[in-house]
Amino acid sequence: MTEEIKGPVVFTRHGVARGIRTALPLVIGTFPFGLVVGVISDQKGLSWLETLLMSALVFAGSSQLLALELWSEPAPILAAIIAAIVVNIRMAPMGAALAPWLDKLRGVKLWGSMAFMVDHAFALSAAEQRRGGRDAGYLLGIGVTLWCFWNISVILGHILGSTVRLPAGHPLYFAAIATFVAILVPLWRGVRRDFWPWLLAGVLAVLAWKAGLGPPWPLLIGAFAGAALGAWLELRRE
Amino acid sequence: MTLRPDVLLAIIGMAVATYLCRAGGYALFRALRPPRYVEVVLQHLPGPIFMAYAMPALAAHGWKGWVAAVAVVAVQYFSRSLAAAILIGVGAMAGLGALEAWFLAR
């Protein structure tokens, strides 16, 4: 296998610290989003304590936003749970893809790291793993940093209420998308391995979105079709 | 400082569901040890996931989104700095938006 980890996988304070440093610039992308979630949470009548609990325990912005859009009186328990599953099911294969690191962890280091895993932490850890990185603390460092700033931004949005309302289409919202476009760069392993799988993923996702499919379908269809093509091409070459 | 029981239940339900999404995929992988093809698919997943996330989002932003994305990739590639790349992306969107407004106003 080409991506076998050389040497033992470790989990050190140094790795966590490096994850924290890597994550700090990502806050530019998550902060505006957190403010919006906080503002909407306030509009829907959630108290600051309820808002903080949701951010801290759920820690998945898109699903929080979707649940709040569906919010009603009394709280829509089933709809909120379904919103969380639909939006967050994309994270299920991420942990499996990080198995080369996670397999070497036990107990709270393993299941605690999973609790803080978000898209950015996964993408940067996958890139780090491919570079031969062996310190799984990196994943937790990124996750915990984003979690801290996520809570701060959501609570700030809730406090500021309607005063910070950014108009739809404000350039600051582009920061979230720009983050993921930038993260693609370190994930790229060259034309031979990645060109066709990535192209297929992007094209299918756009077509699914144009066809009117809501989340998470464009993402799941594109991601799995692209990854399946990449795997097929790789195994055929062997 | 209110904490209503129905709201708390909804939050706990969301939190449990989200944790199962985060950890469940890996737990299944660990328990089942899937065949090699599945393992190779998972290794190929990171790039396609973020392509499938970003492309529809960029398409929704029209031509400005694509131009800004090219700027983000170029800055990330040459500077290797996520902060610089994200800021350039936001700056490009702001600049292109102003440019478009100026053209439309003429």
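Averaging 1/r across all pairs of distinct Cα atoms in chain B and inverting the result yields a Kirkwood radius of 18.1 Å. For the stretch B:46-106, the fraction of C-alpha pairs more than 20 angstrom apart is 31%.
Only aspartates and glutamates eight or more places from A:K44 in sequence, or on another chain, were considered; those with a Cα closer than 13 Å are A:E69, A:E73. Under Stokes-Einstein, with the Kirkwood radius over Cα pairs as Rh, the value for the protein assembly as shown at 10 °C and 1.306 mPa s is 77 µm²/s. By the Cα gyration tensor, the stretch A:1-66 has an equivalent ellipsoid whose semi-axes, rounded to whole angstrom, run 35, 13, 13 from largest to smallest.
Using the Cα centre as the reference, give the magnitude of the dipole from point charges on the C-beta atoms of the stretch A:86-238 (Lys, Arg: +1; Asp, Glu: -1; all else neutral), rounded to the nearest 20 debye.
220 debye
Diffusion coefficient of the stretch A:13-187 by Stokes-Einstein, Kirkwood radius over Cα pairs, 37 °C, 0.692 mPa s: 195 µm²/s. Applied to the stretch B:57-63, the Karplus parametrisation 6.51 cos²θ - 1.76 cosθ + 1.60 on θ = phi - 60° returns per-residue 3J(HN,Hα) values of 5, 5, 4, 5, 8, x, 4 Hz, with x for Gly and Pro.
Semi-axes of the equivalent ellipsoid of the stretch A:109-199: what are they in whole Å, largest first, if each equals the square root of 5 times a C-alpha gyration tensor eigenvalue? Please report the intermediate quantities before stating the final value.
On the way: eigenvalues 177, 89, 12 Å².
Taking √(5λ) for each Cα gyration eigenvalue gives 30, 21, 8 Å.
Where a number appears in this text, it was derived from the coordinates with a stated rule and is not lab data. Given the structure is predicted, the values throughout are model-derived calculations rather than measurements. When we count neighbours, we look across all protein chains shown, and the Cβ atoms used for this are built from the backbone with ideal geometry, even at glycine.
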